[in-house]
Amino acid sequence: MSSIKNDILWRVYLVYFVVAVLAFLIIAKVVYIQFAEGDKWKEVARNTTLRYVEIDANRGDIYADDGRLLATSVPMYEIRMDVSSFVTSDELFYSKVDSLAFNLSRLFRDRAPNQYRQILVEGRRNQERYLLIKRNVSYSELIMLRDFPLFRKGRYRGGLIVEENTRREMPFRSLAARTIGYERGGYYVGLEGAYRDYLEGVKGKRLMRRTSGGSWMPINDEHEISPHNGKDLLTTINVNIQDIVENSLRRQIHKYGADYGTAVVMEVATGEIKAISNLSISGGDTYEELFNYAVGESAEPGSTFKLASILVALEDGIISPEDFVNTDDGSITYADRTMYDSDDEGFGRITVKEAFEISSNVGISKIIYDHYKDKPQDYIDKIKSFGLGEKLGIEISGEGSPVIKDVSSSEWSGVSLPWMSIGYGVSLTPLQILTFYNAIANNGKMVKPMFVKEIRQTGETLKRFNTKVLNERIASRRSIKQANDMLVGVVENGTAKNIHTPVYQIAGKTGTAQVANTRFGYIGDSGGISYRASFVGYFPADNPQYSMIVVIHNPKGWIYTGSQVAAPVFREVADKIFATQLNLPLRDIEEPVMAKFPTFRGGNYDDILNVYKQLGSYPGNKPQTNWVSASARADTVVFRDREFIQNLVPNVVGMSLKDALYILENAKMEVKFTGKGIVRKQSIRPGLRIEPGQVIVLELS
């Protein structure tokens, strides 16, 4: 009996011992984890249930020179909801879910009420703490949404969770879009990239907790670090000039089916870039800002480079504009290659000034070759002294490198000097060429192109950028004066006389460059022809205010020269700038200037009639309605009625914003608009039935 008892006691003691050992091991492990590995496992716990996320600061705004917005960060909101029973009771939730679903459906118009109800009920069933309702909600939508059932009770009694984000928008859409810049895959271009450190601000931090559904929900506590908003840029871009430049360039490249085009307007004295447009074909008849050709494309300039060659000769005193040069029959052979003039019969014996005005390849190349064939490096060094061999150092990244070969280059040959003199075998960007011409307009002072005038924050100027002089005087006053006279002669007597105007004086130079092909040399030499048409100059030539370059690549058809394709854009832009931006006296006009009365696509009859009466034109008919379109024929105006039918969307294209707002708001529509000017496009097609409170977006230009 005692043996059985001892056996049982032995077994009990053994169990106690094993349990004690296990307990000791567990306690030891707990102590080890707590003290030896405590930091490690606390970090694991934090990483799986808590984490800090960065809060983006509001990016600074970018303004035009008059303070109008070019780029801004628009607040957008992400709406989520805590539909768990921790926030609302079943009774409250199910009594309000139908009306909440109905209001969400009516506001966003992306789902039916029963679909929203299904999302909410399913989230309730899963006890979702962070249920996504809608992304990219505008501020006006948020204001309405806060008054919905359940949501009006706020976060802790109704479950509403609002997270703010920002979206970058350009109020003027494509105007100078590539220069203003944007973000693509984390990489910024244009001014957005150049001034990123100023614009971005300082990011904040927010603590987030992982919910049971796997989503991350913010924890609002005292440890949250608020972001500091970015600073603003006041640019040199003038919205009105930019609009003129872009529309004129777009019409021309579309007219000639060109691959792309670029145009830049610079203020002569300061170097401020007032407009810059780069349009590339992007499919069909659509042109968009895809690449900044003005800044980034270094290419052979062709005849616009002849000004640099002539300035070298003038500075060295080897010629004067009145000297003669013999162009013979319009052809000349250097080494194994023949150069031709545009006139098959040649220009014969002409002055240097005439050779420049008519852009004689033979004449200009003979001047340079005859005087520098034994010392070509002297010619090259003089060209580089003008600042044409170095980058401008502008703040926008991607500036193309200028290429001006030295005699020591492995590519130098017997034809390099004469071809270089007329703009081949060298490469420059349009902005580098414009800066050189701007120096001629600025009495020899070369200034760096400017894109930004000030850094601001909350309206206060933090940093101001002044004009930077690259070269106080690139040439003597005498040479600059002679070069100016020759550039004026190009427009009055030479290749650009088609853009001559008696109202003000234009100085400039045409260029028509054959585009190089890596396999065959110049495309024209191998049968297929591709050209780059350009015109660069300044106005008014007797008191220069603005310089401008226009480059159009590969115009299609028989018209392809700089005088026919690029120069008309220069003239159109210059006319409008002279009329709207410059308060300068007109020149004494001996020849008549033909005026053209404007056409109005839509507006109020009395307003349009007053305009025509001021211009000395009177109506030939009286319309039946107050809203009309009008066109002028000789000195007579023809009016056509524009009828608006009740409850149908009116056609307001062609009207001023004031008139369009009057008509649409009287039709009980909510109006939003972008841009400035007349209505170019409306988001809802005319003639459709109007729904109460319907929003229509107008695009102005």
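The values are calculated or read from the model by the stated rules, or taken from the named source; none is laboratory data. These numbers were taken from a predicted model, which means no experiment stands behind them. Positions of Cβ are backbone-derived with ideal geometry, glycine not excepted, and every protein chain shown enters the neighbour counts.
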- Task: Please indicate, with yes or no, whether at least one residue in region 307-317 is touching a Ser or Thr at 6+ places or on another chain (Cβ under 8 Å), surrounded by fewer than 21 Cβ atoms within 10 Å (Cβ to Cβ) and free of Cβ contacts under 8 Å to residues at least 60 places away in the same chain.
- Result: no
- Just one of (1) modelled with pLDDT of 95 or more; (2) among the β-branched types (V, I, T); (3) over 40 Å from the mean Cα position of the chain (by Cα); (4) not in a helix (DSSP H, G or I) trips up T338, so point out which. (1)
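Within region 674-699, how many residues turn out to be in a strand (DSSP E or B) and surrounded by fewer than 17 Cβ atoms within 10 Å (Cβ to Cβ)? Don't jump to the end; show me each part of the working.
Initial filter on region 674-699 (in a strand (DSSP E or B)): 674, 678-682, 689, 695-699.
Of the ones still in play, those that are also surrounded by fewer than 17 Cβ atoms within 10 Å (Cβ to Cβ) are 674, 680-681, 689, 695, 697, 699.
Residues that pass the stated criteria total 7.
A quick yes/no check of all residues on (1) farther than 19 Å from A513 by Cβ; (2) in a loop (DSSP other than H, G, I, E, B); (3) out of contact with any helix residue (DSSP H, G or I) (no Cβ under 8 Å at 6 or more places or on another chain):
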| residue | (1), (2), (3) |
| --- | --- |
| S303 | no, no, no |
| L307 | no, no, no |
| V312 | yes, no, no |
| P321 | yes, yes, no |
| V325 | yes, no, no |
| T333 | yes, no, yes |
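For region 425-524, which strands (runs of 3 or more DSSP E) that fit wholly inside it have 2 or more residues that are more than 29 Å from A194 (Cα to Cα)? Spell out how you get there, then give the answer.
Working: elements: 452-457, 460-464, 469-471, 507-514.
Here the list reads 507-514.
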- Residue selected from region 288-301 under the condition assigned to a loop (DSSP other than H, G, I, E, B) and of a type in the set (D, E), by the criterion surrounded by the most Cβ atoms within 10 Å (Cβ to Cβ): E289
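Suppose we keep only residues that are farther than 17 Å from R251 by Cβ and surrounded by 24 or more Cβ atoms within 10 Å (Cβ to Cβ) within region 268-283. Which one would you say is nearest to the chain's Cα centre (by Cα)? Steps first, please.
First, the residues of region 268-283 that are farther than 17 Å from R251 by Cβ: 268-274, 276, 283.
Now drop any that are not surrounded by 24 or more Cβ atoms within 10 Å (Cβ to Cβ), which leaves 271, 273-274, 276.
Details: G271: 19, I273: 13, K274: 13, I276: 8 Å.
Result: I276.
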- Going by the structure shown, is G414 in the same structural domain as V452 (by TED's automatic domain parsing) and surrounded by 21 or more Cβ atoms within 10 Å (Cβ to Cβ)? no
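Going residue by residue through region 507-519, is there one that turns out to be under 30 Å from G190 (Cα atoms), of a type outside the set (G, A, S), modelled with pLDDT of 95 or more and surrounded by 14 or more Cβ atoms within 10 Å (Cβ to Cβ)?
First pass over region 507-519, keeping only residues under 30 Å from G190 (Cα atoms): 508-518.
Within this subset, residues satisfying the condition of being of a type outside the set (G, A, S) are 509-510, 512, 514-515, 517-518.
Those still in the list that are modelled with pLDDT of 95 or more too: 509-510.
Keeping just the survivors that are surrounded by 14 or more Cβ atoms within 10 Å (Cβ to Cβ) gives 509-510.
Looking for residues that are under 30 Å from G190 (Cα atoms), of a type outside the set (G, A, S), modelled with pLDDT of 95 or more and surrounded by 14 or more Cβ atoms within 10 Å (Cβ to Cβ), one finds at least one in region 507-519, hence yes.
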- Cβ pairs under 7 Å, 6+ apart or interchain, first in region 289-303 and assigned by TED's automatic domain parsing to the domain that holds L392, second assigned to a helix (DSSP H, G or I) and at pLDDT 95 or above, ordered by first then second residue, are Y293/P430; A294/P430; A294/L431; V295/L431; P301/I433
- Cβ-Cβ below 7 Å, separation at least six or inter-chain, first residue in region 559-572 and under 13 Å from L249 (Cα atoms) and at pLDDT 95 or above, second aliphatic (A, V, I, L, M) and in a helix (DSSP H, G or I): which pairs? A567/I499; P568/I499; V569/L249; F570/I499; R571/I499
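Do we find a residue being surrounded by fewer than 17 Cβ atoms within 10 Å (Cβ to Cβ), over 22 Å from A567 (Cα atoms) and of a type outside the set (A, V, I, L, M) anywhere in region 227-246?
So the first thing to find is which residues in region 227-246 are surrounded by fewer than 17 Cβ atoms within 10 Å (Cβ to Cβ), and the list is 228.
Subset that is over 22 Å from A567 (Cα atoms): 228.
With the extra rule that they be of a type outside the set (A, V, I, L, M), the set shrinks to 228.
Checking region 227-246: at least one residue is surrounded by fewer than 17 Cβ atoms within 10 Å (Cβ to Cβ), over 22 Å from A567 (Cα atoms) and of a type outside the set (A, V, I, L, M).
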- When you go through (1) of a type outside the set (A, V, I, L, M, F, W, C); (2) at pLDDT below 95; (3) out of contact with any Asp or Glu (no Cβ under 9 Å at 6 or more places or on another chain) one by one for G348, which number turns out not to apply? (3)
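Can you find, within region 599-630, the residue that is modelled with the lowest pLDDT among those that are among the hydroxyl-bearing types (S, T, Y) and farther than 21 Å from K658 by Cβ? Lay out the reasoning, then the answer.
As a first pass, look at region 599-630 and keep what is among the hydroxyl-bearing types (S, T, Y): 599, 605, 612, 617-618, 625, 629.
Cutting the leftovers down to farther than 21 Å from K658 by Cβ gives us 617-618.
Numbers: S617: 63, Y618: 59.
Only one residue fits best here, namely Y618.
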- When restricted to G389, G393, the only residue closer than 17 Å to F305 by Cβ and surrounded by fewer than 21 Cβ atoms within 10 Å (Cβ to Cβ) is G389
- Message: Here is a check on your reading of the model: is T211 modelled with pLDDT of 70 or more and among the hydroxyl-bearing types (S, T, Y)?
- Response: no
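Step by step: first the residues of region 326-340, then only those that are in contact (Cβ under 8 Å) with a residue 24 or more places away in the chain and farther than 20 Å from P376 by Cα, then the one that is surrounded by the most Cβ atoms within 10 Å (Cβ to Cβ). Which residue is that?
Taking region 326-340 as the starting set, the residues that turn out to be in contact (Cβ under 8 Å) with a residue 24 or more places away in the chain are 326-328, 330-332, 334-337, 339.
If we keep only those that are farther than 20 Å from P376 by Cα too, we end up with 326-328, 330-331.
Working: N326: 13, T327: 24, D328: 15, G330: 19, S331: 14.
Checking each candidate, the answer is T327.
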- Query: Which one of the conditions (1) of a type outside the set (K, R); (2) modelled with pLDDT under 95; (3) under 18 Å from M486 (Cα atoms) does F356 fail to meet, given that it meets all the rest?
  - Reply: (2)
- Item | Every residue from region 113-131 that is surrounded by fewer than 17 Cβ atoms within 10 Å (Cβ to Cβ) and touching a residue at least 60 places away in the same chain (Cβ under 8 Å) | N126, Q127
- Regarding L175, is this residue buried (at least 19 other Cβ atoms within 10 Å of the Cβ) and assigned to a loop (DSSP other than H, G, I, E, B)? yes
